[in-house]
1. For residues that are closer than 23 Å to residue 42 by Cα and surrounded by 13 or more Cβ atoms within 10 Å (Cβ to Cβ), scanning just the stretch 81-97, find the one that is farthest from the chain's Cα centre (by Cα).
2. State the number of residues belonging to the stretch 52-79 that are surrounded by fewer than 19 Cβ atoms within 10 Å (Cβ to Cβ) and over 16 Å from residue 92 (Cα atoms).
3. Residue pairs, Cβ under 8 Å, 6 or more apart or interchain, first in the stretch 105-118 and without any contact (Cβ under 8 Å) to a residue 24 or more places away in the chain and on the phi < 0 side of the Ramachandran plot, second outside any helix (DSSP H, G or I) and buried (at least 20 other Cβ atoms within 10 Å of the Cβ). List them.
């Protein structure tokens, strides 16, 4: 049986990859913290759905790296409509109550794992 974290990540990928705006908004918390090449910070589910529509990104999971009960790093192949080939990226996901509450995309697995471990240690010392 899949964990709630895995289920939330699978739903996030499905909603993003199909470009389903309503489903994308429902897959994330309010707010959802994002990190990507254009910035970082909390956004609303509606803003997340707008990003899905605007970017038209597809993210295909390639490897899964559990960090804690609420944190997982997923290495992905990313493509955009103008892509000629996939770019390998990695995203740190955090979930709560079956929704993704953070999606922090980094350029590679090493950077994502480093950030995830820092996040885990910060949460453990609160």
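The values are calculated or read from the model by the stated rules, or taken from the named source; none is laboratory data. Predicted model only: the values in this text are computed from it and were never measured. Quick reminder, even Gly has a Cβ in these numbers, built from the backbone with ideal geometry, and neighbours come from all protein chains shown.
1. The selected residue is 96.
2. Going through the stretch 52-79 one residue at a time, the tally reaches 6.
3. 107/89; 107/90; 108/89; 108/90; 111/90; 115/92; 115/104; 115/106
Yes/no matrix, rows are residues, columns are (1) at pLDDT 95 or above; (2) over 13 Å from the mean Cα position of the chain (by Cα):
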site: 14; (1), (2): yes, no
site: 38; (1), (2): no, yes
site: 56; (1), (2): yes, yes
site: 59; (1), (2): yes, no
site: 64; (1), (2): yes, no
site: 75; (1), (2): yes, no
site: 79; (1), (2): yes, yes
